[in-house]
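The values are calculated or read from the model by the stated rules, or taken from the named source; none is laboratory data. Only a predicted model underlies this, so the values are computations on that prediction, with no experimental measurement involved. Every residue, glycine among them, receives a Cβ derived from its backbone with ideal geometry; neighbour counts consider all protein chains shown. Note: accessible area is taken over every heavy atom of the protein model, side chains too, but ligands, DNA and RNA are not part of it. Shrake-Rupley method; radii C 1.70, N 1.55, O 1.52, S 1.80 Å.
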Amino acid sequence: MSQDNKFDATSSGVRRVSALEALRKQAEGKAKQEDPAVVRSRAIEALNQEMRAVSAYMAQVGGEISTVKPQTGLPYEVLFLGKIPVALANAWVDSRPRKVDGYDCCERINIRYQVNPEPPARATLLGDDIGRLDQILKSLGADYKMNVEQKNDFGQPRRASFVVNGKLLAEIEILADYTALAVNVELTTVRRHGKRRHRIPADKFKDVGDDLARYVLGVDDDFERFLT
């Protein structure tokens, strides 16, 4: 074998290390310059999977709520009634798909259930507050009774007592924004009075299902970390 064809361990070793370093640098550069379309596609799929997981989990929880009619661990708050112990019933969960870049993605999750005070909630109100509570209870489809105890000179209620037996409607709407990669969450009569709207970045919307279920059931407030 000629001298030119001999394997030079020292020089080849240097070249081998240099080649590996060059390849690694190229790999790092490609990772930094990854195709934005690929990155977006992955983010869309991750959000879709999370939305589907939340929908499936809450459907199971909703079925249990309708069967068990559980009492919540923490109270629900209703304007003029304060924080009251309640049981939940008659849950309904639905989801709607949408085509995103040719794929079927879960876009919307709607959750509804009834809130029943246990025992029935009572309140006595004066003046304009009477009409406000009456309208709130009507808007929630509540089962309640109002007894006007006093009227003013114009025949309008001046003092009235309320007994709220139940069927206050609570609603959760979760809407995925696949364009902006965010999630809009709207809560109505869920643990607190009124309607609350929040927008959560898609990369923060992870492992939501159980935290949401625990929040609805009044186990804890961990779900609120998504809302801050």
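Of note:
- The residue among PHE80, ALA56, PRO97 whose Cα reaches farthest toward the positive pole of the charge dipole of the chain, with charges on the beta-carbon of Lys, Arg, Asp and Glu, is PHE80.
- The chain, relative contact order in percent, only Cα pairs under 8 angstrom and at least six apart counted: 18
- Cut-off under 5 Å, modelled amide H: who pairs with ARG158 long-range: GLN150, LYS151, ASN152
- Between 0 and 90°, nearest 10: helix 9-32 axis offset from the chain longest Cα axis: 30
- Two-site FRET efficiency, GLU173 against ASP129, from Cβ-Cβ distance with R₀ of 22 Å, rounded to 0.05: 0.15
- Separation of the GLU186 and GLU34 label points, Cα + 7 Å toward Cβ, nm: 3.4
- Here the scattering of segment 144-228 is modelled by Debye summation over its C-alpha atoms, one equal scatterer each and no solvent; at q = 0.11 Å⁻¹ the log10 of I(q)/I(0) is -0.48.
- Stokes-Einstein D (µm²/s) once Rh is taken as the Kirkwood radius of the chain over alpha-carbon pairs, at 37 °C in 0.692 mPa s: 152
- Phi angles across segment 65-79 convert, under the Karplus curve 6.51 cos²θ - 1.76 cosθ + 1.60 with θ = phi - 60°, into 3J(HN,Hα) values of 4, 5, 7, 7, 6, x, 7, 7, x, 10, x, 9, 10, 10, 4 Hz, Gly and Pro given as x.
- Estimated from the Cβ-Cβ distance and a Förster radius of 45 angstrom, the FRET efficiency linking ARG199 and MET146 is about 0.75.
- The string of couplings for segment 104-119 from the Karplus curve (6.51, -1.76, 1.60, θ = phi - 60°) is 7, 10, 6, 9, 9, 10, 10, 10, 9, 7, 9, 10, 10, x, 9, x Hz, one whole number per residue in order, with x for Gly and Pro.
- Share of carbon and sulfur in the accessible heavy-atom surface of segment 95-200 [1.4 Å probe, %]: 43
- Per residue, segment 43-188 exposes 53 Å² of solvent-accessible protein surface, assessed with a 1.4 angstrom probe and all protein chains in place.
- When the pairs LYS145/LYS167; LYS69/LYS167; LYS83/LYS167; LYS167/LYS195; LYS69/LYS204; LYS69/LYS206 are compared against a 22 Å limit on Cα-Cα distance, LYS69/LYS204; LYS69/LYS206 fall above it.
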